[in-house]
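This report refers to the structure that appears directly beneath it.
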Amino acid sequence: MSARLLVAGVGNIFLADDAFGPEVIRALDRHPLPPEVRVRDFGIRGMDLAYALLDGYDTAVLVDAAVRGHEPGTLSLIEPDLPDRATVGDPPEAHGMDPAKVLALAAHLGDEPLPRVLVLACEPELRAPADEDIAPGIGATVRQAVGRAVAALHAMVPALLADPTATPALSRPDESPALSPPGCRAP
């Protein structure tokens, strides 16, 4: 593997603003990141993402929608606590995995520590109603955040390639100026 950095879109394209991660990856097709970065839309394929996290990356940036209590469209940069093999116990269920379960599964499957994981999260505005299985299309506020997320990734990636331990900042005042506290969990 030549890529040292994974940018992974996560989310369900049939559940309104949950499609944020895949939409950002699609936008990166028009504004590509450097060739040493692997960009991939994992959608709801948590098992595939768990195995990808074991491919020797220095850093993985997951792009996802996350309810954090901010205004819709707000971008946040989160560095979740990573599980290790000793604390995972039994393997997590492989169906319907959220990012925390994907990280736990990857820790369970791998012999090496996981890469550093950052989550570029967008506060959703539209969510699928509980009585509906499908609500395609993201809202206007989150659609605007897609472009800001692409710009944020273009600013973050060079810093992370130069130093995988760097703490990149987001650029807009309404976005997180630094990483969320280490104990903060991504949804």
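The values are calculated or read from the model by the stated rules, or taken from the named source; none is laboratory data. These figures come from a predicted structure and were not determined experimentally. Methodologically, a virtual Cβ is constructed for each residue, glycine included, from the backbone with ideal geometry; neighbour enumeration extends over all protein chains shown. These area figures cover heavy atoms from the full protein model, side chains too; ligands, DNA and RNA do not enter into them. Shrake-Rupley method; radii C 1.70, N 1.55, O 1.52, S 1.80 Å.
Some values worked out for this structure:
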quantity: Stretchable slack from T165 to D29, in nm (0.36 nm times residue separation minus alpha-carbon distance); calculated: 46.3 nm
quantity: Cut-off under 5 Å, modelled amide H: who pairs with V117 long-range; calculated: A60
quantity: With all protein chains modelled, accessible area of Y57 [1.4 Å, Å²]; calculated: 10
quantity: Accessible surface of L126 - all protein chains present, 1.4 Å probe, nearest 10 Å²; calculated: 80
quantity: Protein-only accessible surface order, largest first, of E71, E123, E79 at 1.4 Å; calculated: E71, E79, E123
quantity: Within-11-Å neighbourhood charge of V157 [Cβ basis; K, R +1; D, E -1]; calculated: 0
quantity: Residues in segment 30-55 that a label on F14 would reach, taking backbone N under 12 Å of a point 7 Å out along Cα→Cβ; calculated: 44
quantity: Accessible-area value, T141, 1.4 Å probe, nucleic acids and ligands omitted, Å²; calculated: 40
quantity: Solvent exposure ordering (accessible area, 1.4 Å, most first) of I44, I134, I25; calculated: I44, I134, I25
